[in-house]
1. Between 0 and 90 degrees, rounded to the nearest ten: what's the tilt of helix 41-53 against the longest Cα principal axis of the chain?
2. Rounded to the nearest 500, what is the chain's calculated 222 nm mean residue ellipticity when only DSSP H runs of at least 4 contribute -39500 (n - 2.57) each, over all residues?
3. Given contacts defined as C-alpha pairs under 8 Å and at least six residues apart, what's the relative contact order of the chain, whole-number percent?
4. Among Ile16, Ile193, Ile60, which comes first, second and so on when ranked by fewest other beta-carbon atoms within 10 Å?
5. Can you give the FRET efficiency for Ser3 and Leu124, using 1/(1 + (r/R0)^6), R0 = 41 Å, r = Cβ-Cβ distance, to the nearest 0.05?
6. How many nm separate the modelled label positions at Gln175 and Thr231, each set 7 Å beyond the Cα in the direction of the Cβ?
7. Which of the GluC sites (Glu not before Pro) found in the range 8-70 are in a DSSP loop and have at most 13 neighbouring Cβ atoms, other than their own, within 10 Å?
Amino acid sequence: MASRRHVIADDLRTQISTGRIKAGERLPSEAQLASRYAVSTPTLRSALAVLQREGLVEKIHGRGNFVRHPLRRITYVGGGRTPTAQTATDAALRMTVRTTHLPARGHLAALLRVSTSSPLTEFLCLSHEGKSPHSLARIYVPRDLAPTDSPSESPCCEEVLVRLTELRPPPAVVQEQVSARFPTPREAATLRISSALPVLAITRVATDTTGRVVEAALLVLPGDRADALFTHHTATEERGTDG
């Protein structure tokens, strides 16, 4: 026999799929829904959590639960010189960037292979679909490779990536580590996703011919809207290219 939370989730899911509750519409308050279904508030929240994990419902702090618009899927394309995510209609995603100067600490010092307190620049790129956060990336570079004219807030992440490519030496080696995990509380809050929704976490480190790390990127892509694609060239293909 299905649990009460799944019965409630099924009913709300049906209302959403049939259009009785429309995309962008706010659900009744948790207290109202709990009363309607004659359950406790924890049981009702558990049912909503099921829909939040599925990407059907988004909880916005201080405002309530809203039906999400259909999520646009993106594909992370690995192996390139810059971290990229592609979608069939990229224009639908709006991306902003925030620039911060900070000293290397802990895992950042290890990731960029620099001494503690070495000056770094962080570029926090956050994409939005409509008003909803979609995915985020944190890009770190040694301070001397960062644009000196970067404003603290910029409406376009692509412009920053182009400037980084112009300033740094071409990477000789790019390593990408992909893992599936649950988001940190900060990531869940930034992306407005359930802490129980797995994310695709990609750590990308680029080094130049001297072995110096010229860029490290930490990407967080919610699993309900992201895929990863990696293309590897065989030795035969490489010899054919050289010839």
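Nothing in this text is a laboratory measurement; each read-out follows from the coordinates by a stated rule. The shown structure was predicted, so the numbers you read here are calculated from the model rather than taken from an experiment. Cβ placement follows ideal geometry from the backbone for every residue including glycine, while neighbour counts extend to all protein chains displayed.
1. It works out to around 40 degrees.
2. Details: 7 runs with 68 residues, N = 243.
Taking each H run of at least 4 residues, the total per residue is -8000 deg cm²/dmol.
3. Numbers: 427 pairs, mean separation 44.3, N = 243.
It comes to 18 percent, rounded to a whole number.
4. Values: Ile16 20, Ile193 26, Ile60 12.
Arranged by neighbour count, lowest to highest, Ile16, Ile193, Ile60 become Ile60, Ile16, Ile193.
5. On the way: r = 40 Å, r/R0 = 0.97.
Computed FRET efficiency for Ser3 and Leu124: 0.55.
6. According to this spin-label approximation, the distance is 2.5 nm.
7. Numbers: sites: Glu25, Glu30, Glu54, Glu58; in loops: Glu25, Glu54.
Within the range 8-70, the qualifying GluC sites (Glu not before Pro) (loop, at most 13 other Cβ atoms within 10 Å) are Glu25.
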